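These notes concern the structure reproduced below.
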Amino acid sequence: MSKTNTAVFCPPADFSVILQLQFMSINRDILRIALPAIVSNITVPLLGLCDTTIAGHLGDAGFIGAIAVGTMMVNVVFWCFGFLRSGTSGMTAQAYGSGDREASAVVFSRAFLVAMLTGLLIVALQWPLKALVLAVIHPAADVRALASMYFSIVIWGAPAMLATMSVSGWFLGMQSSFYPMIIAVVTNVINIGLSLLCVYGFSLGFPGTAIGTLGANWCGLLLALWLARRFNGGRMPFSSWRKTVALSGLGRFFRVNTDIFFRSFCIMGVSMGVTSIGARLGNDILALNAVMMQFFMFFSYFMDGFAFAGEALAGKCVGRRDKGQLGRTVRALMGWGAIMAVIFTAIYLLFYGPISSFITDSGAVLSLLDDYRLYLFLIPSLTVGAFLFDGIYIGMTATAAMLWVTLAGAALFFAIDFIGWDAGGLTLSLPDNDRLWSAFLSYLLVRGAGLAMLFRRESRHALVAA
């Protein structure tokens, strides 16, 4: 008995339906990465609030200031080395996209090694670093002594803190922000628990908050390594020593991370400029700007989540050399950015009064805020591009262009602030607060617009070099 082949007619697929399904898949991937990252970001201010609350119940208002200054000192040092997370995520995402597991293991190993060595160097240089940061911040004498004590304890967690950042960046490159969320949340819970135990259980007082943070950082590293081993099928994702230190790959590794390092300095310079210039305009303006920056930071917690999605997904597309998918991913991210900008603009328009009153009850500051509320309403729409394209460029490892655009934005910020015109021509003068906020928003707008204009060229280079 012979078999009969039956032909089944399949109508050609509708191209628009295929595109729609592709965008649905991309949007799911964006939300899968962005939402856990947003949760991770939100835990950061909650930890600061808990530390401040613990210090606020120790009987002296100076403890609150010491926590604020001490935390700022530590963050300034650690923030400079944020490239250990972002540089790792971009290169890992490209290795993931190309299906090269060995390359992702090499990135993991290099980032972890550099993080540990850098952390040990920070510990060794803690005394000059502490003196330098204290000279910049210049707190009152009583706060200075307590903040110095806090820094001297917490800084011993530098190797753990930086290594955990590198592991979190590797997870993101491997398309998972869930594990970094677990690391962040659990580490912060341990921090709160250890701080309470040390301060009240062991009666260590103010140093107990620093000891709790130190212990939590090392616990966070152990958790990160355990999760990396679990994620990698029961073995650590380390490559051989020979491949880790191979000069052929180290050049690109350090080039990417050096670009991000100097970009971070530009961003930190602008942030410190906002605070420093505001302080010279009087205490009320300084307090006003602190409240306004909370609106910016609140928006950034959400947009950073989508930027992380950009790092992971753009890097994967470049690793696969998939130009079409990269374009669709960028368009989908821009769509989410537009949605978030509209939502936050509406929230600020409708509720800026109650939000401001929640942050401060100072009548003078709230009265000033009414005169500056236009800047609050402009924050989402003018800054969304900077967040999203930063993530996309990190994923493409197009870090040189990102550095130069950030440098141009920072130069514009200081130019607007200090350079003016009068009858004699150019003059240098201290700006008023309107000029300061115009400069800050212009700096962010230039970053987003500049990276958008260069995207086609930089994406083409990234796809060729992958």
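Only residues that are more than 12 Å from residue 383 (Cα to Cα) and under 19 Å from the mean Cα position of the chain (by Cα) were counted across region 334-352, and they come to 2. The condition of being acidic (Asp, Glu) and in contact with a Phe, Trp or Tyr (Cβ under 8 Å, 6 or more places away or on another chain) holds for only one of 304, 284, that being 304.
Residue count for region 128-156, restricted to those that are surrounded by 15 or more Cβ atoms within 10 Å (Cβ to Cβ) and not in a helix (DSSP H, G or I): 1. Of the residues 55, 111, which is among the hydrophobic types (A, V, I, L, M, F, W, C), crowded, with 24+ Cβ neighbours inside 10 Å, assigned by TED's automatic domain parsing to the domain that holds residue 237 and over 18 Å from residue 244 (Cβ atoms)? From the options 55, 111, the qualifying one is 55.
Here is a yes/no grid of residues against (1) under 22 Å from residue 127 (Cβ atoms); (2) buried (at least 18 other Cβ atoms within 10 Å of the Cβ); (3) hydroxyl-bearing (Ser, Thr, Tyr); (4) modelled with pLDDT under 80:
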residue	(1), (2), (3), (4)
59	no, no, no, yes
73	yes, yes, no, no
84	no, yes, no, no
87	no, yes, no, no
90	no, yes, no, no
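Annotation: of all residues in region 185-204 being in contact (Cβ under 8 Å) with a residue 40 or more places away in the chain and surrounded by fewer than 24 Cβ atoms within 10 Å (Cβ to Cβ), the one that is farthest from residue 90 (Cα to Cα) is 199. One residue alone among 271, 264 is buried (at least 18 other Cβ atoms within 10 Å of the Cβ) and within 25 Å of residue 416 (Cα to Cα), and that residue is 264. Between 274, 185, 270, the distinction of being β-branched (Val, Ile, Thr) and not assigned by TED's automatic domain parsing to the domain that holds residue 307 belongs to 185 only. Has region 358-377 got at least one residue that is β-branched (Val, Ile, Thr) and modelled with pLDDT of 95 or more? Checked against the condition, which is being β-branched (Val, Ile, Thr) and modelled with pLDDT of 95 or more, region 358-377 yields no hits at all. When you check residue 191 against the structure, is it outside the structural domain of residue 142 (by TED's automatic domain parsing), part of a helix (DSSP H, G or I) and either of a type in the set (Asp, Glu) or within 21 Å of residue 37 (Cβ to Cβ) (or both), yes or no? Judged against the criteria, residue 191 is not a match. When 84, 58 are checked against the criterion of being part of a loop (DSSP other than H, G, I, E, B) and among the aliphatic types (A, V, I, L, M), a single residue qualifies: 58.
Results for (1) in contact with a Pro (Cβ under 9 Å, 6 or more places away or on another chain); (2) at pLDDT 95 or above; (3) of a type in the set (S, T, N, Q); (4) closer than 17 Å to residue 455 by Cβ, shown as yes or no for each residue.
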position: 306; (1), (2), (3), (4): no, yes, no, yes
position: 332; (1), (2), (3), (4): no, yes, no, yes
position: 342; (1), (2), (3), (4): yes, yes, no, no
position: 351; (1), (2), (3), (4): no, no, no, no
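Within the option set 117, 113, being part of a helix (DSSP H, G or I), on the phi < 0 side of the Ramachandran plot, without any contact (Cβ under 8 Å) to a residue 12 or more places away in the chain and not polar (S, T, N, Q) holds for one residue only, 117.
When the criteria are applied in full, residue 335 fails the requirement of being at negative phi and loosely packed, with under 12 Cβ neighbours inside 10 Å.
The values are calculated or read from the model by the stated rules, or taken from the named source; none is laboratory data. Everything numeric here is computed off the predicted structure, so don't read it as measured data. Heads up, the Cβs are rebuilt from the backbone with ideal geometry, glycines too, and the neighbour counts pull from every protein chain shown.
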